[in-house]
Amino acid sequence: MLSFLVPALAAAFAGLVLFGAIRDLISYTIPNWISLAIIGLFPVAALSAGMSLPTVGLHLGIGVAVLVAAMAMFALRWIGGGDAKMFAAAALWMGWPMVVDFVLWTAISGGVLAAALMSLRQPAFRPMVLSGPPWLVKLSEPGGAAPYGVAIAVGALAALPQSPLLSGLAL
């Protein structure tokens, strides 16, 4: 068991979801390599934490279930494709029962994000935003999309410390 690696791998996970959130905020895209890196780090973290095979299987099942749900949300145009992939990749790390907290934190963060975007898109604020950077101007466009990767990152960072992967470690 290489539990001393788990905090470093968790920090890498945090960095990846934060980078995904920033990319989504600026460009409305989350590159596939971010989700692939999150997925690729999981087996190393699970092995380092001494996670049992049944627990790893449960994490994999949760990741697949969230991917199916996220694909449905993508098909309904509720979220983007990058959001769906990062949501499922992050859920892989959460396990049971923290995936419930992850989904709740993501939903709450999404609501706060939506309220902030609605405020930003009000006619009173729009003239102030137009002199800002291009990504902020695009973000303030009425009827525009929401960079949901931001909410996913907040949900992931809120839930990760209590996930089965990190519980039991003295961080």
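Here are the numbers:
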item: Unique residue being aliphatic (A, V, I, L, M), out of contact with any Lys or Arg (no Cβ under 7 Å at 6 or more places or on another chain) and in contact (Cβ under 8 Å) with a residue 40 or more places away in the chain when the list is Ala49, Ala37, Ala65, Ala11; result: Ala49
item: Pick from the range 74-130, criterion in contact (Cβ under 8 Å) with a residue 12 or more places away in the chain and outside any helix (DSSP H, G or I), ranking: farthest from the chain's Cα centre (by Cα); result: Phe125
item: Test: residue in the range 31-51 that is surrounded by 14 or more Cβ atoms within 10 Å (Cβ to Cβ), outside any helix (DSSP H, G or I) and not polar (S, T, N, Q); result: yes
item: Residue within the range 55-67 that is crowded, with 21+ Cβ neighbours inside 10 Å and under 30 Å from Gly143 (Cβ atoms) present; result: yes
item: Residue selected from the range 11-30 under the condition of a type in the set (Val, Ile, Thr) and buried (at least 22 other Cβ atoms within 10 Å of the Cβ), by the criterion nearest to Leu165 (Cα to Cα); result: Val17
item: Leu166 being surrounded by 17 or more Cβ atoms within 10 Å (Cβ to Cβ), part of a loop (DSSP other than H, G, I, E, B), touching a residue at least 40 places away in the same chain (Cβ under 8 Å) and out of contact with any Gly (no Cβ under 7 Å at 6 or more places or on another chain); result: yes
item: Count of residues meeting criterion [aromatic (Phe, Trp, Tyr) and surrounded by fewer than 16 Cβ atoms within 10 Å (Cβ to Cβ)] in the range 91-139; result: 3
item: Residue under evaluation Gly144, criteria (1) in a helix (DSSP H, G or I); (2) over 19 Å from the mean Cα position of the chain (by Cα); (3) in contact (Cβ under 8 Å) with a residue 12 or more places away in the chain, criterion not met; result: (1)
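Table: residues versus (1) polar (S, T, N, Q); (2) out of contact with any Leu (no Cβ under 8 Å at 6 or more places or on another chain); (3) under 28 Å from Gly80 (Cα atoms).
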position: Ala21; (1), (2), (3): no, yes, yes
position: Ser27; (1), (2), (3): yes, yes, yes
position: Ile30; (1), (2), (3): no, yes, yes
position: Phe42; (1), (2), (3): no, no, yes
position: Ile62; (1), (2), (3): no, no, yes
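Read the figures in this text as sums done on the coordinates, not as results from a lab. Bear in mind that the values here come from a model prediction, so they are computed numbers and not experimental data. Virtual Cβ from ideal backbone geometry, glycine too; neighbours counted across all protein chains shown.
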